[in-house]
Amino acid sequence: GVAAAAAPPEAGPGPAWQSKCPWGAPKPTSISCSLADVMSEQLAKELQLEEENAAFPEVVAVAEGPFITGENIDTSSDLMLAQMLQMEFDREYDAQLRREEKKFNGDSKVSISFENYRKVHPFDSDSSEDEVDWQDTRHDPYRADKPTTTPKKGFIGKGKDITTKHDEVVCGRKNTARMENFAPEFQVGDGIGMDLKLSNQVFNALKQHAYSEERRSARLHEKKEHSTAEKAVDPKTRLLLYKMVNAGMLETITGCISTGKESVVFHAYGGKSTNEDDKVIPPECAIKVFKTTLNEFKNRDKYIKDDYRFKDRFSKLNPRKIIRMWAEKEMHNLTRMQNAGIPCPQVVILKKHVLVMSFIGQDQVPAPKLKDVKLSSEDMKKAYYQILNMMQRLYKECSLVHADLSEYNMLWHDGKVWLIDVSQSVEPTHPHGLEFLFRDCRNVSQVGHLHLTIYVSSCTCKEYCIIHLTESLK
Ligand code: ADP
Ligand code: MG
């Protein structure tokens, strides 16, 4: 049997701050009176309290952290690691945003908040500025002690001084103390310091809110993760890369070589070859990640739309798949070039929109672009003729037009020119193939200081370009 709450509302010594508080002690009687009214339904909700007690351990489990909740328990370590990395990245991003916000606002009396651009929902954040205030409050030296909890037996005191666990005040305080168990970053304010007594009804409403807020945060976060691709690699790509390392195919991914509009290139040390085939993995690799941000690729449609190799598939595909096709295209084109003996990166593996190839360069230092390298006139001449030769082989043996050939997409390594960046290369029969060839020829003729000119006046006849290239070689 459970005894009814007959004890006086306020028993025991008053909180410590009452004697020290500069504003003097508030009259405790007025507080207890008004709260007593509010909590008049307390007794009727006995059973509910029992339920609360049963649910209590569950609340503690939630408080342990976003990754260890029950439903995620069988998540593979890959996913967890990826999520943790993502969280780390998001926090860094937010820190940067905060600095920008500060700089932007300066000492101005009117300030603009960048809050809405944060990646980490305030709920997830453990370093938001608001929270500092909150923590200060918690360390208030005048703060009241935690309310004494009733022992297991359910009551304290004896005879007519008995206080049960259902006592309005004790229970109210207990509810307040329990708010701390909601989730680590759910800001509950300083209820304990105020000696706040929450009725079960209010506590339940708050608990409900805390849960839904947590779910909302998770959803929001997920949504935002999908839109971070343009800043760096998105979580899905990160997972792909992590798996390559995990499989031992790559030893380590050391860092980023280049961030372009359409791709990000990383350097990695190669590992052991996987079972798939016995291809030897080069000691150093370049990983080209085709960005899954869609807008940049819209204006590249013309390269792929009319490429008969991809014609059937283009119309049916969503933009995400088209981006994979760029990676696939680069792979096929590189393979053709490799077979023709044109110096170019060797394909290691293609996974979705991530292409791994051999690294042109040494000890993490990529070979310089032709644009950046200072060549002796001897080397310059050599490079120039090599390029002309490669263009012809590309055209005749690989049946390809580079379509973005310039000093930006040629590297100088080992005393020769290497061609890279062939995702947009097309077959000469492509409706715009010869226009692209003409553009390539024009670009190449401007390489370096030699000013050797390839005279290409018209590209209506495909032989025309080639004849002139051949002549230049003589
Ligand atoms: P984008 O389409 O962004 O121009 P690229 O294929 O041209 O992509 O690569 C961008 C940069 O990354 C290149 O300019 C080059 O410096 C570097 N890079 C790309 N592939 C390799 C590679 N296999 N080895 C060394 N560096 C590379
Ligand atoms: Mg390029």
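The values are calculated or read from the model by the stated rules, or taken from the named source; none is laboratory data. In this text the structure is predicted, and so the values were computed from the model without any measurement. Cβ coordinates were reconstructed from backbone atoms using ideal geometry, including for glycine residues, and neighbour counts include every protein chain displayed. Surface areas here come from the heavy atoms of the whole protein model, side chains and all, with no ligands, DNA or RNA. Shrake-Rupley method; radii C 1.70, N 1.55, O 1.52, S 1.80 Å.
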Taking the range 409-432 and keeping only residues that are within 11 Å of ligand 2 (Cβ to nearest atom) and either open to solvent by less than 30 Å² (accessible area, probe 1.4 Å) or farther than 19 Å from residue 326 by Cα (or both), one is left with 409, 410, 411, 419, 422, 423, 424
Is the range 270-286 home to any residue that is open to solvent by 30 Å² or more (accessible area, probe 1.4 Å), within 21 Å of residue 366 (Cα to Cα) and touching a Pro at 6+ places or on another chain (Cβ under 8 Å)?
-> no
Residue within the range 359-366 that is away from ligand 1 (no atom under 16 Å from the Cβ) and in a loop (DSSP other than H, G, I, E, B) present = no
Considering every residue within the range 428-436, establish whether at least one is in a helix (DSSP H, G or I) and within 16 Å of ligand 1 (Cβ to nearest atom).
-> yes
If you check every pair at least six apart or on different chains, which have Cβ atoms under 7 Å apart with a residue in the range 239-268 that is free of Cβ contacts under 8 Å to residues at least 40 places away in the same chain first and a residue that is of a type in the set (Asp, Glu) and within 16 Å of ligand 2 (Cβ to nearest atom) second?
-> 261/296
